[in-house]
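Questions regarding the structure given below will be posed in turn.
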2 protein chains.
Amino acid sequence: MEDTQENIQFQLTNELIEKVESLVVSNNNKELKLLLNEFHHADIAEILDELDFEDALYLIKLLDSETTSDVLMELSEDNREKVLKNLSAKEIAEEIEELDTDDAADIISELPENRQDEVISNIEDDEHREEIRELLEYNEDSAGGLMAKELVKVYETWTVAGCLRRIRAQAKEVTRVHSIYVVNKEEKLIGRLSLKDLIVAKNEQKIADIAKENVDYVNVNDDAEDVAKVMAKYDLEAIPVVDNNQALVGRITIDDIVDVLKEEAEKDYQLAAGITGDVEADDSIIELTRARLPWLFLGLVGGVGAFIIMEGFQKAFDTYKVLFFFTPLIAAMAGNVGVQSSAIIVQGLANDDVKGSVNNRLIKEMLLAALNGLILAIFLLLFVWAWEQDFRTSLAISVSLVAVIIVAGLIGTFIPLFLDKRGIDPAIATGPFITTSNDILGILLYFWIAKLILGI
Amino acid sequence: MEDTQENIQFQLTNELIEKVESLVVSNNNKELKLLLNEFHHADIAEILDELDFEDALYLIKLLDSETTSDVLMELSEDNREKVLKNLSAKEIAEEIEELDTDDAADIISELPENRQDEVISNIEDDEHREEIRELLEYNEDSAGGLMAKELVKVYETWTVAGCLRRIRAQAKEVTRVHSIYVVNKEEKLIGRLSLKDLIVAKNEQKIADIAKENVDYVNVNDDAEDVAKVMAKYDLEAIPVVDNNQALVGRITIDDIVDVLKEEAEKDYQLAAGITGDVEADDSIIELTRARLPWLFLGLVGGVGAFIIMEGFQKAFDTYKVLFFFTPLIAAMAGNVGVQSSAIIVQGLANDDVKGSVNNRLIKEMLLAALNGLILAIFLLLFVWAWEQDFRTSLAISVSLVAVIIVAGLIGTFIPLFLDKRGIDPAIATGPFITTSNDILGILLYFWIAKLILGI
């Protein structure tokens, strides 16, 4: 149990890294193997990601082939790319033989096009090679791109005893048996069984008699996100994948879905913060600039728009200069309200719980924004009145604030709903996009209404 | 297969809702049962969530007890609360008998304190009752709060054949057998087995000989989020839970972890958008106001701060009024850069891939912000110069912009790292918190630097 305790509480310490480095320097392969053997392959990958590349490559070549392939899968994408560059097509093919077909296809798809064929033709097992070739043809964001070919399949005509005997061979190749899929002689999926059902059943029963006919499945072309939704909703741990003829072609397991959900959540979070393109804190400054600069540029254009509006109103408000000092407040409130309402809608759309008509949704947001705006405007009115000793100006500013908040809320609600109807990912509507458009519109509206109230 | 196809492609249409409503009105129980029987309990819950409460309650009482309990688990929290209010303690206890212990404990914990004991004492099965009582004692955000008591446990001294015989009984109560946990005579967890291992093994082998000793587990007091991280990292579908004596006390399955991950992602997303307290698009205006107003109020205070700063600089910049027209731009850029850098850090912290020293991190962000700031400042310089025909003013504005962007980036990087070190959730540092503090600081810095350059 000692090992295990370390396993689950694995801590990547500087001491550990230094120990590994000094063992590499002294070429102490025996010690290294003993040390790394203690760790889960996901932990070894974490260690490797911290080492200099030369040291990491040394360890990769030292580990046995099965561990290496698992570690490769867990390495950061950048490091994996570098490692693969330093391995021959034959060496990569050997690693790939150890992996399940879905992981194998993922790794091959990361290689440059010209190396892909070379690596595939070096795979010795004919079946494995053909299965990987098949998987590479699917879009990576589809069910086909997620599925593995490894599964346990039985024919409806088999008996329980015969079935148990024959699946022993199949099961050895499948890491985890979630369900046993039942097909008819045309390979069409017609039901499922659990190992438990099989163990509990009597030896002479026919599979057709004990199979559950009610089996959830997805089509090989279904969107990965939709597959994730279905599996999360129905608490499925594996789902079979069929082609357009209903023939069983693969299986998707929940661990892949956990990755899809995490990636999706991270993408949306970054979009809301004005970052595109799946970057991480440890990416290079150039990569981070590419992900961040476009949104900042949008903000710059919005700021220039606000400047032009304010300059246009300069003459009109010559005696009410104080109005200009509230433009950052107006812009901030318009931005915040817009982001709040769009975030709620984007999240609701993702969870399929935005129901009812668009009009009802807009009326609700209007009431909500009006309530929030009114409360905030009263505070602002009292403050400006007390500070400037001028009721009319403070009234003009506060009434404008309410109007700006209502319009910002409506825009924040409407834009994601509109994008979603058009089939565009509404998540791009949060963050800088909403804040920038609301900044400009809010300031314009603010001066218009103030002008009206002050009778200029 | 017809049923299944509908299952997976379930669409909640108005026609379906109307059909159900009209069947309820005409008390056509037979038709209703036939209709609802077609659907998965998660789909029935979606239908019920759309009905008037009276109609939903009618259906709840119509469905058989096993379906009702499953549907109850999937209902929205508000509706479940209302339904439970309308059921007697005895009726609730009957539903709870049908549920796994973890779901049962979740439902009971949602009841008002005074009803909890009443419901528990109405549970007829003694073992189920005691197990639920035990689960209710754990913090809901701990491993104990997530785990179920249902699991398959074998003793190391059993043989494969004896084991198969005995686990048939245990397995019937467990919906999904992921692993069979091996304990010694003190109930301490010492290994695991898969059903597959058992089937592949020879009948006369001892469990101790075929069990895998390397079993991942968590402590009953571990944080739910940490459990989720461990299960996602090691691709586990179930993990055993032990108490402080290493005794096996429960099991957590991946479907519960999927829920933890989804909730966590939604909470972070809302925090970044300035929304606290787990609200949904369909919550009441009062609930939504309570979640949104505090952050808006923070924005208001920030805006008032910006106003006071600008008024303070009013005299100094009497001949450079144009500077005031760029404050929304400065505030927007400071806010955007701050949110971008804090989002990257918050996400990196969540994924444990922010390594190295805080200083290196700040130096990197400074370089990144300087690069982005420089590019943006050149555009702004050219625009203001061309528009205002005044090089010195445009230089002052642009240089200030670079400084503001660098400081905003540093603050966005530093605050989440600082909060994390202090054990505070860094996610609260994104969104309005960062934008508001950066707005004020950015505008202050902007005027200071402009003053310096213009020699006022």
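The values are calculated or read from the model by the stated rules, or taken from the named source; none is laboratory data. Values in this document were obtained by computation on a predicted structure and should not be read as measured data. So basically every Cβ, Gly included, is an ideal-geometry build from the backbone, and we count neighbours across all protein chains shown.
Of the residues B:Asn244, B:Asn203, B:Asn221, which single one is touching a Ser or Thr at 6+ places or on another chain (Cβ under 6 Å), more than 10 Å from chain A (Cβ to nearest Cβ) and of a type outside the set (Gly, Ala, Ser)?
B:Asn221
Yes or no: the range A:305-312 includes at least one residue that is closer than 30 Å to A:Glu225 by Cβ and among the acidic types (Asp, Glu).
No: the range A:305-312 contains no residue that is closer than 30 Å to A:Glu225 by Cβ and among the acidic types (Asp, Glu).
Continuing with this model, one more query. Can you name the residue in the range B:164-200 that is modelled with pLDDT of 85 or more and more than 25 Å from B:Ile254 (Cα to Cα) and is also nearest to the other protein chains (Cβ to nearest Cβ) among such residues?
If we take residues in the range B:164-200 being modelled with pLDDT of 85 or more and more than 25 Å from B:Ile254 (Cα to Cα), then B:Asn184 is nearest to the other protein chains (Cβ to nearest Cβ).
Checking the structure you have, find out if any residue of the range B:441-449 is in the same structural domain as B:Thr319 (by TED's automatic domain parsing), over 21 Å from B:Met310 (Cβ atoms) and not hydroxyl-bearing (Ser, Thr, Tyr).
no
Consider the range B:257-278. How many of its residues are surrounded by fewer than 22 Cβ atoms within 10 Å (Cβ to Cβ) and more than 7 Å from every other protein chain (Cβ to nearest Cβ)?
8
Does the range B:235-248 include one or more residues that are out of contact with any Lys or Arg (no Cβ under 7 Å at 6 or more places or on another chain), under 30 Å from B:Leu189 (Cα atoms), assigned to a strand (DSSP E or B) and touching a residue at least 40 places away in the same chain (Cβ under 8 Å)?
Looking through the range B:235-248, at least one residue is out of contact with any Lys or Arg (no Cβ under 7 Å at 6 or more places or on another chain), under 30 Å from B:Leu189 (Cα atoms), assigned to a strand (DSSP E or B) and touching a residue at least 40 places away in the same chain (Cβ under 8 Å).
Please work out which one of (1) within 8 Å of chain B (Cβ to nearest Cβ); (2) buried (at least 23 other Cβ atoms within 10 Å of the Cβ) is the condition A:Glu237 fails and give its number.
A:Glu237 satisfies all of (1) within 8 Å of chain B (Cβ to nearest Cβ); (2) buried (at least 23 other Cβ atoms within 10 Å of the Cβ) except (2).
Run B:Leu293 past the list (1) touching a residue at least 60 places away in the same chain (Cβ under 8 Å); (2) within 25 Å of the chain's Cα centre (by Cα) and report the number of the one that doesn't hold.
Of (1) touching a residue at least 60 places away in the same chain (Cβ under 8 Å); (2) within 25 Å of the chain's Cα centre (by Cα), only one is false for B:Leu293: (1).
Residues that are surrounded by fewer than 19 Cβ atoms within 10 Å (Cβ to Cβ), at least 1 per element: which strands (runs of 3 or more DSSP E) completely within the range A:120-203 meet that?
Here the list reads A:152-155.
Would you please name the residue that is nearest to B:Leu75 (Cα to Cα), looking only at residues in the range B:36-57 that are of a type in the set (D, E, K, R) and touching a Phe, Trp or Tyr at 6+ places or on another chain (Cβ under 8 Å)?
The selected residue is B:Glu46.
Of the numbered conditions (1) in a helix (DSSP H, G or I); (2) under 30 Å from the mean Cα position of the chain (by Cα), B:Phe39 satisfies every one except a single condition; which is it?
(1)
Next question. For B:Tyr446, only one of the following conditions fails: (1) in contact with a Ser or Thr (Cβ under 6 Å, 6 or more places away or on another chain); (2) hydroxyl-bearing (Ser, Thr, Tyr); (3) at the interface with chain A (Cβ under 10 Å from one of its Cβ atoms). What is its number?
(3)
May I pose another question? In the range B:279-300, what residues are more than 9 Å from every other protein chain (Cβ to nearest Cβ) and within 17 Å of A:Asn336 (Cα to Cα)?
B:Arg290, B:Pro294
If you don't mind, there's one more thing I want to ask. In this structure, is A:Gln314 in contact (Cβ under 8 Å) with a residue 60 or more places away in the chain, polar (S, T, N, Q), under 30 Å from A:Glu388 (Cβ atoms) and not assigned by TED's automatic domain parsing to the domain that holds A:Val241?
No; evaluated as a whole, the condition is false for this residue.
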